[in-house]
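J.: The structure that follows is given in the form of structure tokens.
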Amino acid sequence: MKNGHILTAIDIGTTKICVIISQINDDEKIEIKGIGTSPAKGMSKGVVINIAEASRSIGLALKEAEEMAKMRAKNIYIGIAGDHIKSENETGKTNIDPNKSGKKKVTQAHIEDIFTDVRKSVSKRQVEQNREIIHIVPQSYTLDNLTGIESPLDMAGFVLEAFVHVVQADKSAIQNMKKCLDNCGHSRINSIFLEPIASSKSVLNEVELDLGAIIIDIGGGTTDIAIFYKKSIQFSAVIPIGGTQITSDISIGLRVSPENADEYKITYGNAMLSQVVENNEFEIEEVNGIANRKCNSKFISKIIESRMREIMTRASHLLNQIGNLDRFRAGITLTGGSSLLKNCDKLSQEIFKLPTKIGYPQLNNLVGTTDRLKNPIYSTVVGILYQAFAELKEQNRKKDDFSNMNLLIKWWKSFKAFLKDFL
């Protein structure tokens with residue numbers, strides 16, 4: 001891998017924009033060079049609703065990251081969410097034709113053939129034409145009668161079947177995000193990642209991914225869900241409710257500004273009313289500024305618990321489609337800004353009847369200025385960075401394979417020419 005390669009991850013959320021500029025160092029580690037954040041304007045429930053405002057917000061976060069990094073953002077990778085996201089599991093198969101030596105061996109071309117067929121199959125069934133496939137993630141492979149194969153490359157067989165997870169997004173939503181980046185001087189985006197897939201890269205370890213884990217990322221405008229088992233994604237979904245709805249509930253209930261409502265939520269709120277030990281009183285400033293009055297922790301927490309229960313109950317209904325959640329032995333990992341609400345994990349355990357933890361970004365694969373990233377609000381952007389790094393390594397592997405194949409072909413041609421002259 002080329003040292004000095006720059007990777008830029010951007011999480012375009014409903015309430016905040018997060019940017020990380022990084023560089024691959026000599027040890028092939030991701031070195032954090034710059035971090036930028038800004039309040040998100042022009043966004044709602046994960047999608048752009050005002051291109052000019054969203055562009056300005058992204059531009060501010062990019063500027064902060066670039067000034068800290070003392071370099072321009074390059075190789076842009078972004079996350080995507082919103083209730084326009086649709087996911088499904090698919091299968092595809094192909095016959096393994098014998099190579100020149102007469103052997104039937106699985107190559108990368110066979111896998112790509114299956115992915116192409118899956119794309120065609122999904123496209124044919126689409127009722128809505130304004131859709132774009134952003135992920136085809138392999139779950140497992142079957143080669144003849146051998147099942148549960150993680151990687152079939154170079155294995156011998158006759159028929160290869162792939163089980164994959166397909167994620168689609170609204171083309172207009174993608175184009176609007178790209179337009180915002182274009183307005184910021186970045187006309188090319190390397191890849192777009194589904195946010196719960198990205199978040200999993202940062203908060204789940206290999207053991208959890210193998211045992212079976214459920215990630216629930218409670219962001220500002222959406223709650224993103226994904227299930228992993230035997231290191232592959234089995235299910236994903238997006239609920240169009242997040243932390244901003246809780247803030248809105250408090251703002252309406254107390255007749256205060258959204259900014260003050262958010263402050264009261266963080267300072268005095270609790271996801272479980274029954275867990276409020278000290279019913280702290282505090283003075284609130286009404287939005288009209290006419291009078292200040294008293295409120296208390298229990299009143300705020302009652303509002304919060306009501307909405308959090310709705311979010312988790314909707315998540316529970318979606319997850320119950322899978323059935324037998326007990327088999328996901330690593331339990332539930334909550335992440336995202338709203339996961340920091342007091343006793344959010346306890347509420348999850350009550351509703352899902354599964355062990356729950358709060359997921360913080362795992363920073364052991366990063367070097368440089370990482371302290372600021374030790375917070376669930378950065379789980380997605382750190383995950384985007386890890387996903388980008390993995391994609392870069394895979395691209396380099398394919399380039400190396402292609403280069404080695406060309407060298408082999410050149411050697412074979414030279415050898416044949418030598419034999420011809422010799423004979």
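The values are calculated or read from the model by the stated rules, or taken from the named source; none is laboratory data. Since this is a predicted model, take the numbers as computed values, not measurements. Positions of Cβ are backbone-derived with ideal geometry, glycine not excepted, and every protein chain shown enters the neighbour counts.
J.: Kindly establish whether ALA169 is of a type in the set (Gly, Ala, Ser) and surrounded by 17 or more Cβ atoms within 10 Å (Cβ to Cβ).
T.: Answer is yes for this residue.
J.: Would you confirm, using the coordinates I've provided, whether ARG314 is exposed (fewer than 14 other Cβ atoms within 10 Å of the Cβ), part of a helix (DSSP H, G or I), of a type outside the set (Gly, Ala, Ser) and not assigned by TED's automatic domain parsing to the domain that holds ASP249?
T.: So ARG314 fails the test.
J.: Considering each of ASP210, ASP182, ASP144, ASP154 in turn, give the residue that is surrounded by fewer than 18 Cβ atoms within 10 Å (Cβ to Cβ), of a type in the set (D, E, K, R) and under 23 Å from ALA52 (Cα atoms).
T.: Sole residue among the options that is surrounded by fewer than 18 Cβ atoms within 10 Å (Cβ to Cβ), of a type in the set (D, E, K, R) and under 23 Å from ALA52 (Cα atoms): ASP182.
J.: Can you find, within region 199-229, the residue that is nearest to ILE304 (Cα to Cα) among those that are touching a strand residue (DSSP E or B) at 6+ places or on another chain (Cβ under 7 Å) and of a type in the set (D, E, K, R)?
T.: In this case the residue turns out to be ASP217.
J.: If you don't mind, another one. Quick test of your reading of the structure: GLU305 fulfils all but one of (1) within 22 Å of the chain's Cα centre (by Cα); (2) in contact (Cβ under 8 Å) with a residue 40 or more places away in the chain; (3) buried (at least 17 other Cβ atoms within 10 Å of the Cβ). Name the failing condition by number.
T.: With (1) within 22 Å of the chain's Cα centre (by Cα); (2) in contact (Cβ under 8 Å) with a residue 40 or more places away in the chain; (3) buried (at least 17 other Cβ atoms within 10 Å of the Cβ) applied to GLU305, the lone miss is (1).
J.: Condition first: of a type in the set (Ser, Thr, Tyr) and either surrounded by 17 or more Cβ atoms within 10 Å (Cβ to Cβ) or touching a strand residue (DSSP E or B) at 6+ places or on another chain (Cβ under 9 Å) (or both). Can you find one or more residues in region 276-298 that meet it?
T.: Within region 276-298, one or more residues are of a type in the set (Ser, Thr, Tyr) and either surrounded by 17 or more Cβ atoms within 10 Å (Cβ to Cβ) or touching a strand residue (DSSP E or B) at 6+ places or on another chain (Cβ under 9 Å) (or both).
J.: Could I ask something else about it? Looking at region 262-297, which of its residues are within 36 Å of the chain's Cα centre (by Cα) and either in a helix (DSSP H, G or I) or of a type in the set (S, T, N, Q) (or both)?
T.: ASP262, GLU263, TYR264, LYS265, ILE266, THR267, TYR268, ASN270, LEU273, SER274, GLN275, SER297
J.: Quick check: is even one residue across region 163-186 of a type in the set (Lys, Arg) and part of a strand (DSSP E or B)?
T.: no
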